[in-house]
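The values are calculated or read from the model by the stated rules, or taken from the named source; none is laboratory data. This one's a predicted model, so the numbers in the text were calculated from it and none came from an experiment. Using ideal geometry, Cβ is built from the backbone for each residue, glycine included, and neighbour counts are taken over all protein chains shown. Just the protein is used for accessible areas: all its heavy atoms, side chains included, with ligands, DNA and RNA removed. Shrake-Rupley method; radii C 1.70, N 1.55, O 1.52, S 1.80 Å.
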Amino acid sequence: MTSPDSGLPDVLVVGAGGSGAVLAARLSEDAGCQVLVVEAGPVPRALSAFPPDLLDARLVPGARPGNAAVRMFPAHLMPGLPYMAARGRVLGGSTTVNGGYFVRARRADFDRWAAQAGDALWSYERALPFLRALETDLDHGATPLHGDRGPIPVRRVGLGHPAAAAFQAAARELGHPFDPDKNAQDPPGFGPVPSNAVDGRRVNTGIAYLLGGALARPNLTVLGDHVVRSVVVRRGRATGVVVEHDGRRTLLEAGEIVLCAGALASPHLLHLSGIGPAADLARAGIPVACDLPAVGAALSDHPQVVLEWTPRRPLDGPAGSWLGGVLHLSSSDGDEAGDLEILQSLVPVTGLVGGRTTVPGAPLAFLASVQTPRRTGGVRTVSADPDVPPRVDYGYLQTEADRRRMREAVRATAAVVATGAFGEVSRGLVEPSPATLDDDHLLDRWTHAHLGTSQHTCGTVPMGSAVDAHGRVHGLTGLRVADTSILPTAPLRGPAATAVLVGELIAHAVRRESG
Ligand SMILES: Cc1cc2nc3c(=O)[nH]c(=O)nc-3n(C[C@H](O)[C@H](O)[C@H](O)COP(=O)(O)OP(=O)(O)OC[C@H]3O[C@@H](n4cnc5c(N)ncnc54)[C@H](O)[C@@H]3O)c2cc1C
């Protein structure tokens, strides 16, 4: 904490996204803690000020090219395979432009993170009270596993749509267990998707944590359209940030700086501030403040391909959410239960990309992802100019084991579509052909041509080698990272619920440290 008469905020939070909005709201519950949030994107002060597509749970705003609420990062999924990665740039960050699938990490993820962080704070048992506190589970209410008072409303998407019902019947036909509560740590199988959308409206973290009352607190200030360019480090201590607004740069100082800019922007900001691998920084012309090789050394994400199928008859559009059911099954590795995911979209991909909930005659889709915990690729900063984007490499499918798991995910999806039960609604897959499915080499080529990502990036500033279990950056004082960057590996599920948990856990840690 700063001294009361310094006039400086105690904590300056960079980014009001999946973790930052949560952290700022929780820290400002203490009226004696002055919190300043600096967000690069716009900050609507009321629900009605959000563009309607950012609230519509039948859409995934981040999938639509050119959406003003999205910042694109040029990237490579594999060497020679370029891609544009989307990140939310608006109050709520990527939770405002994402799919609204809100599933907790698995116990195995917590075990791994607790070991890597060297702190039981990250164990499932210690995290569970925070997982309960962050949600209002509208299906279960208050139980030992679920909460009924938290800011994020969680409801499982109904399986009443004919395509979702057919998916459920297909999973049963194939012998997959029913997994009715994906947030309960039961054996993985087919089930409805827990979502932070209610009555067709996606509730991002800005709405849930800030617009719900925190924004009115006198000790909380949230600045929108202010882009942090770098962190100022003096004699091993972070003292402030350089911020750009309306073309003008100013210095904002605070007792402590917390980066919540997301798993692509946070490592870039650290690099621009001279914190990262010294040789790379020197090559980019950035003076080194702290040699920290682990910053940006790898990332962790989930490769994904879309498999489209042709409806046998015209099907209605989705009622309240683009999401159908979801099936988790295990790759033949057998090490990580439920590491393959088949997620159903009730909106054609052309609709998601074009911002439309129905496209007559268009095929519907499954999103097949490999969610085995992996660290690959990385984020490298190539210029001291903050406007030059970092080099983002996903490093997907570089090993035979990675390619095999992806083949298994694709073939498992094809098996669902090939069931008699799914045949009630489907004429079959658009691609790949049976001949391609049968041949490893052809299937690898098909996958390469159709490869995408779940946009679940984590692990770019990992606990253990870059920050400690409280997000404190090694080798410096006054600087933390508190977003999905610090999770050493992406969870076996989508990371949005865990991003919120990061905000909750780090707020708890900050409060405990300051007594
Ligand atoms: C298209 C898409 C779909 C997804 N779908 C799902 C899903 O359905 N389920 C799921 O679990 N996960 C999903 N995810 C991932 C999930 O939304 C993210 O993992 C999560 O929101 C990350 O939280 P974060 O706090 O780390 O970063 P973010 O939520 O991205 O927040 C970072 C914030 O920092 C701000 N910021 C960045 N740089 C600066 C700067 N220099 N100065 C000031 N502010 C800055 C940004 O504007 C943003 O508001 C999806 C992601 C995307 C992009």
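The value of relative contact order for the range 138-218, using C-alpha pairs under 8 Å at least six residues apart, is 29 percent. Shown here for the range 137-244: trypsin sites (Lys or Arg not before Pro) in loop regions (DSSP other than H, G, I, E, B) with at most 13 other Cβ atoms within 10 Å, namely 149, 235.
The alpha carbon centroids of the range 143-195 and the range 327-378 are separated by 16 Å. Using alpha carbons only, how many degrees (0 to 90, rounded to 10) separate the axis of helix 107-117 from the longest principal axis of the chain? Between the helix axis and the principal axis of the chain, the angle is about 30 degrees. Be a star and scan the range 349-390 for residues whose amide nitrogen sits under 19 Å from the point 7 Å along the Cα-to-Cβ vector of residue 310. Answer for this model: 349-351, 359-366. Along the axis of the charge dipole computed for the chain (Cβ charges of +1 for Lys and Arg, -1 for Asp and Glu, origin at the Cα centre), the listed residues 310, 236, 44 are led at the positive end by 44.
Given a 1.4 angstrom probe, I'd like the percentage of the accessible area of the chain that is carbon and sulfur, rounded to a whole number. After summing per-atom areas, the C and S share lands at 53 percent. Measuring with a 1.4 angstrom probe and ignoring ligands and nucleic acids, residue 331 comes out at about 10 Å² accessible.
On full extension, the segment bounded by residue 221 and residue 468 gains 86.2 nm, given 0.36 nm per residue less the C-alpha separation. With R₀ set to 25 Å, the beta-carbon distance separating residue 186 from residue 126 gives a calculated FRET efficiency near 0.75. Relative to the dominant Cα principal axis of the chain, helix 262-272 is inclined by about 40°. With respect to the chain, whose longest principal axis is taken over its alpha-carbon atoms, helix 124-133 is tilted by about 90°. Amide H contacts for residue 426 (H built 1.01 Å from N in the peptide plane; partners 5 or more residues away or on another chain; cut-off under 5 Å): 312. Here the calculated FRET efficiency for residue 199 and residue 107, from their Cβ-Cβ distance with R0 = 22 Å, stands at 0.10, rounded to the nearest 0.05.
Run the numbers for residue 513 and residue 440: contour at 0.36 nm per residue of separation, minus the present Cα-Cα distance, in nm.
Values: separation 73, 0.36 × 73 = 26.28 nm, distance 5.34 nm.
So the extension gain works out to 20.9 nm.
When the charge dipole of the chain is built from unit charges on Cβ atoms (+1 for Lys and Arg, -1 for Asp and Glu) and taken about the Cα centre, the candidate among 412, 323, 143 whose Cα reaches farthest toward its positive end is 323. Solvent-accessible area per residue in the chain equals 36 Å², computed with a 1.4 angstrom probe and all protein chains kept. Over the chain, Cα pairs under 8 Å with separation of 6+ residues give a relative contact order of 22 percent. Between residue 48 and residue 250, the contour length at 0.36 nm per residue exceeds the alpha carbon distance by 69.6 nm.
How big is D for the chain, in µm² s⁻¹ as a whole number, if Stokes-Einstein is applied with the Kirkwood radius of its Cα pairs at 10 °C and 1.306 mPa s?
Numbers: Rh = 23.0 Å.
Taking Rh from Cα pairs, D becomes 69 µm²/s.
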